[in-house]
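> Quick one: structure below, then a few questions.
No lab work stands behind these numbers, since they all come straight from the coordinates. Keep in mind it's a predicted model, so treat the numbers as computed, not measured. Please note: Cβ atoms are built from the backbone with ideal geometry, for glycine as well, and neighbour counts cover all protein chains shown.
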């Protein structure tokens, strides 16, 4: 199993250049918040991601892809 600290680092690094904060609560649930660096606007807020489901590089990569797709969809709605 991947440690919470390592998982945070992988997720936060995987979403660069956006500022991303990833916190893990005591129950093992992640809260991911992405902020647009130039404006400081919150682009995505994803609470309740279960760390126990992120046991492989494929699962983490899939999560990052889903977050990017959701951000792109939100941008196209707002544009």
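> Which FRET efficiency value, to the nearest 0.05, do you get for residue 77 and residue 13 by plugging their Cβ-Cβ distance into 1/(1 + (r/R0)^6) with R0 = 22 Å?
Values: r = 27 Å, r/R0 = 1.23.
It comes out at approximately 0.20.
> Return 2, 32 ranked ascending by Cβ neighbour count within 10 Å, so the fewest neighbours appear first.
Least to most surrounded, the residues fall as 2, 32.
> Just the number: Rg to Rh for the chain, Cα atoms, Kirkwood Rh, two decimals.
Rg divided by Rh gives 0.97.
> Taking 0.36 nm per residue of sequence separation and subtracting the Cα-Cα distance, how much length would be gained by fully extending the chain between residue 29 and residue 59, in nm to one decimal?
The residue 29-residue 59 span can extend by a further 9.3 nm.
> Have a look at 12, 43, 66 and tell me which one the Gaussian network model of the chain (Cα, springs below 10 Å) gives the largest fluctuation.
With Cα springs under 10 Å in the chain, the top fluctuation among 12, 43, 66 is at 66.
> Which order do 3, 38, 61 fall in if you start with the one that has the fewest other Cβ atoms within 10 Å?
If I rank by nearby Cβ atoms, fewest first, I get 38, 3, 61.
> May I ask you to derive the relative contact order of region 4-78, considering only C-alpha pairs under 8 Å and at least 6 residues apart, and to give it as an integer percent?
About 22 percent, as a whole number.
> Next question. Divide by every residue of the chain the summed helix terms, -39500 (n - 2.57) for each DSSP H run of at least 4, and state the resulting mean residue ellipticity at 222 nm, rounded to the nearest 500 deg cm²/dmol.
On the way: 2 runs with 33 residues, N = 79.
My calculation for the chain gives -14000 deg cm²/dmol from helical runs alone.
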